[in-house]
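Undergrad: Just dropping this structure here.
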Amino acid sequence: MFSKDELYQRYQNKIKGYEKLRIGVACAIIDGKSLLLEKRADCGWWGLIGGSLETGETVEECALREVLEETGLKLKIEKLKLFSIYSDPKDRRILQYPDNRVHLIDIVFIYNFSVSKVKTSSESLAISLFNLEDIPKEIVPPARPIIEDICKYLRQ
C-alpha cells in the first residue's frame with residue numbers, strides 16, 4: 001500500500017499546463033445505507049468502482065462496463081442516476097504518471113442495488129460494502145469529495 005506521501009506525489013493539485021484531460025466514469029453502488037468500495041490494486045487505497053471512458057462509448061455504457069469488469073455485477077442502464085461531475089484540480093485530480101500527467105474529470109452515477117455476491121478483478125485487492133459510519137480513511141484523493149457527497153446524500 002502507498003504511504004500518504006507516495007499517494008500525494010501521484011495525485012497532485014497543481015496544474016503545470018501540459019496535462020491531458022481524462023474522462024472517467026464512476027458508479028456509486030448503494031445498498032440501503034451502505035456503499036460498495038473497491039480497494040485498488042495499483043495503490044492499495046479505496047475508491048469507487050469505475051474507470052476511463054473509451055472512444056465511442058456513452059458514459060452510461062462505461063459505467064455498466066466498469067461495474068461488470070470490476071465486480072461481475074450486471075446493472076441496468078435505466079436504473080443509473082446521474083449524481084454529479086467532479087473536476088476541481090484542488091481535489092488532487094492531477095494524476096502524475098512516469099511519462100505523462102492527466103487532469104481527471106469524473107462523471108458519477110449512483111445505483112441502488114441489493115449486493116449479495118461480487119467478484120474481485122485483477123484491478124482490485126478487495127471489494128466491500130461499508131456502512132456510512134465505517135467508510136475507510138484510506139480513500140484515493142480524487143474519490144474523497146465524491147464519497148463525502150454521497151454520504152451526505154444518503155443521510156438525507
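Undergrad: Return the pairs, sorted by first residue and then second, in which the second residue is hydroxyl-bearing (Ser, Thr, Tyr) and buried (at least 16 other Cβ atoms within 10 Å of the Cβ), the first residue lies in the stretch 81-106 and is closer than 15 Å to LYS16 by Cβ, the beta carbons are less than 7 Å apart, and the residues are 6+ apart or on different chains.
TA: Listed by first residue and then by second, the contacts come to ARG92/TYR11; LEU95/TYR11.
Undergrad: For ALA63, which of the numbered conditions (1) in contact with a strand residue (DSSP E or B) (Cβ under 6 Å, 6 or more places away or on another chain); (2) assigned to a strand (DSSP E or B) fails to hold?
TA: Status for ALA63: all satisfied but (2).
Undergrad: Can I ask one more? Can you name the residue in the stretch 14-30 that is surrounded by 14 or more Cβ atoms within 10 Å (Cβ to Cβ) and more than 10 Å from the chain's Cα centre (by Cα) and, of all such residues, is nearest to LYS76 (Cα to Cα)?
TA: Within the stretch 14-30, the match that is nearest to LYS76 (Cα to Cα) is ILE29.
Undergrad: Just to be sure before I move on: is LEU37 part of a loop (DSSP other than H, G, I, E, B), touching a strand residue (DSSP E or B) at 6+ places or on another chain (Cβ under 9 Å) and touching a residue at least 40 places away in the same chain (Cβ under 8 Å) in the structure I sent?
TA: no
Undergrad: Give me the residue from the stretch 111-139 that is of a type in the set (A, V, I, L, M, F, W, C) and in contact with a helix residue (DSSP H, G or I) (Cβ under 7 Å, 6 or more places away or on another chain) and, out of that set, farthest from LYS16 (Cα to Cα).
TA: VAL118
Undergrad: Still on this model: Those residues that are in contact with a strand residue (DSSP E or B) (Cβ under 7 Å, 6 or more places away or on another chain), part of a loop (DSSP other than H, G, I, E, B) and either closer than 21 Å to ILE150 by Cβ or basic (Lys, Arg) (or both), I need them from the stretch 14-33; list them, please.
TA: Hits for the stretch 14-33 are LYS14, LYS16, LYS33.
Here, each number is a calculation from the coordinates, and none is a lab measurement. Computed from a predicted structure; not experimentally measured. Positions of Cβ are backbone-derived with ideal geometry, glycine not excepted, and every protein chain shown enters the neighbour counts.
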